[in-house]
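Here's the structure, in structure tokens; my notes come after.
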Amino acid sequence: MRKEDRTRITIYGEQVVEIDYKTLHPAMLYAETGATMPEDCYEIKGWPRPLVKTALLTLIDAPTQDKARGPIAFDDAMSELALPGSQQSFRLADRLMADIRRVHAPISDFFHCGTGAMLMASDAKMSEAIMMRMYFGHGVVVLPVHDSYLVPESKADALENTMLEVAHEFS
């Protein structure tokens, strides 16, 4: 469901708000290593932020560098720099992957080894904990959307506090 469409959802007749974890998977890896995370994991000078986001998450998810290269080169955000899927886009994908490895050196050992599956399992457990605590602790149904959650607007503070508690427990 598109983000714009989610704004029309109501729970208990009340408009919902969506609260998300920012840069969840990179944040989990930085917590694992004990290194300080950059203020914005998806900001690398000279690169479009949406492309960096796709590339970083692809490096975390892909089992090999070769399997990461194609999705980055074909990403729609590549069109700011080159025709997606062109030879130039593949050269740029290689440069971007090198820049990401440099900027995110503290977590680069997690690249190209399928770490994404492990992270997805952890964030699924986090989502379950959030939904259970909100329901049994506050009597509120939470609708999950990957790493964000929809709740009635009046319960936004309770959700945010619960998300922080759960994140600290899982880090």
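When we screen Thr64, Thr23 for residues that are at pLDDT below 95, over 29 Å from Met134 (Cα atoms) and among the β-branched types (Val, Ile, Thr), the only hit is Thr64. Looking only at residues in region 1-20 that are under 18 Å from the mean Cα position of the chain (by Cα) and charged (D, E, K, R), the one that is surrounded by the most Cβ atoms within 10 Å (Cβ to Cβ) is Glu18. Contact map, region 80-97: residues that are farther than 14 Å from Pro48 by Cα paired with residues that are assigned to a loop (DSSP other than H, G, I, E, B), Cβ distance under 6 Å, separation 6+ or inter-chain. Pairs shown: Gln88/Ala82. Evaluation of Ile130 against the conditions (1) assigned to a helix (DSSP H, G or I); (2) in contact (Cβ under 8 Å) with a residue 40 or more places away in the chain shows that the sole unmet condition is (2). Counting the residues of region 53-62 that are in contact with a helix residue (DSSP H, G or I) (Cβ under 7 Å, 6 or more places away or on another chain) and within 14 Å of Glu80 (Cβ to Cβ) gives 2. Does any residue of region 46-53 turn out to be aliphatic (A, V, I, L, M) and surrounded by fewer than 17 Cβ atoms within 10 Å (Cβ to Cβ)? For region 46-53, residues aliphatic (A, V, I, L, M) and surrounded by fewer than 17 Cβ atoms within 10 Å (Cβ to Cβ): absent. Checking each residue in region 154-171 for being part of a helix (DSSP H, G or I) and among the small types (Gly, Ala, Ser) picks out Ser154, Ala156, Ala158, Ala167.
When restricted to residues that are within 20 Å of Lys3 (Cα to Cα) and part of a helix (DSSP H, G or I), region 133-153 contains 1. Residues in region 52-61 that are without any contact (Cβ under 8 Å) to a residue 40 or more places away in the chain and of a type outside the set (Lys, Arg) were compared, and the one that is farthest from Phe110 (Cα to Cα) is Thr54. The residues listed here are Thr23, Thr64; of these, the one that is without any contact (Cβ under 8 Å) to a residue 40 or more places away in the chain and within 20 Å of the chain's Cα centre (by Cα) is Thr23. For Ser122, the conditions (1) under 22 Å from the mean Cα position of the chain (by Cα); (2) more than 14 Å from His25 (Cβ to Cβ) are fulfilled apart from (2). State which residue is nearest to Gln65 (Cα to Cα) when the search covers only region 109-125 and only residues that are at pLDDT 95 or above and of a type outside the set (D, E, K, R). Selected residue: Phe111.
For (1) in contact with a Gly (Cβ under 6 Å, 6 or more places away or on another chain); (2) acidic (Asp, Glu); (3) under 19 Å from Met126 (Cα atoms), each residue gets a yes or a no:
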{"site": "Glu4", "(1), (2), (3)": "no, yes, no"}
{"site": "Arg8", "(1), (2), (3)": "no, no, no"}
{"site": "Gln15", "(1), (2), (3)": "no, no, no"}
{"site": "Ile19", "(1), (2), (3)": "no, no, yes"}
{"site": "Ala31", "(1), (2), (3)": "no, no, yes"}
{"site": "Thr36", "(1), (2), (3)": "no, no, no"}
{"site": "Asp40", "(1), (2), (3)": "no, yes, no"}
{"site": "Glu43", "(1), (2), (3)": "no, yes, no"}
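The values are calculated or read from the model by the stated rules, or taken from the named source; none is laboratory data. The structure presented is a predicted model; accordingly, all values stated were derived computationally and were not measured. Every residue, glycine among them, receives a Cβ derived from its backbone with ideal geometry; neighbour counts consider all protein chains shown.
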